[in-house]
Amino acid sequence: MQVSVKGADRKLGNLLRKACIFYGSELMHTNLAKYINIKIILHNKSKEYPDKGSCIWDDEWNSKKSRDFTITIARGQTKVAKLHTLAHEMVHVKQYAKGEMDGIQHKDGFQKWKGVEFKLNPRVNPAKTSGGIMTKKYDYYYLPWEIEAYGLEVGLAWYFITEHGIK
């Protein structure tokens with residue numbers, strides 16, 4: 001796994017790089033992880049970046065094997081919170097790299113998760129579809145890829161923090 005960090009001092013950059021590799025080794029088989037390229041960028045929260053973090057698939061739109069990613073992390077968080085955010089976003093890296101999600105978002109506003117389409121709209125709750133027809137609304141925290149990411153974030157971050165004596 002190739003990891004670069006921008007926007008952090010050397011100490012924090014090294015910590016995030018080490019955590020990224022650790023999370024990747026926990027989430028993916030070695031044969032997959034070794035081909036993953038991740039760029040971590042720390043940014044200030046703004047209208048363009050209102051979240052604690054995000055994961056963007058950098059490969060070609062129609063690429064079947066996503067391997068290049070950019071993870072953004074908000075600067076205004078504590079070191080431990082940044083490690084949690086990175087763990088969460090690394091779960092999304094795993095989801096894309098293993099083909100559990102087939103792309104960031106389709107042009108028609110749908111996200112596929114293990115073959116099921118979900119309509120995404122950042123201003124309205126996403127809705128699951130059946131043949132293109134909205135059938136039931138889902139809150140962000142009930143989206144299957146977010147359930148997995150939030151669940152694994154806690155364990156991954158705790159494991160890394162405990163193993164490396166981070167306070």
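The values are calculated or read from the model by the stated rules, or taken from the named source; none is laboratory data. On a predicted model such as this, the values are computed, not experimentally measured, just so you know. So basically every Cβ, Gly included, is an ideal-geometry build from the backbone, and we count neighbours across all protein chains shown.
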### Query
What number of residues within region 15-29 are surrounded by 20 or more Cβ atoms within 10 Å (Cβ to Cβ) and out of contact with any helix residue (DSSP H, G or I) (no Cβ under 8 Å at 6 or more places or on another chain)?
0
### Task
Report whether or not GLY155 is under 25 Å from LEU16 (Cα atoms), at pLDDT 65 or above and in contact with a strand residue (DSSP E or B) (Cβ under 6 Å, 6 or more places away or on another chain).
no
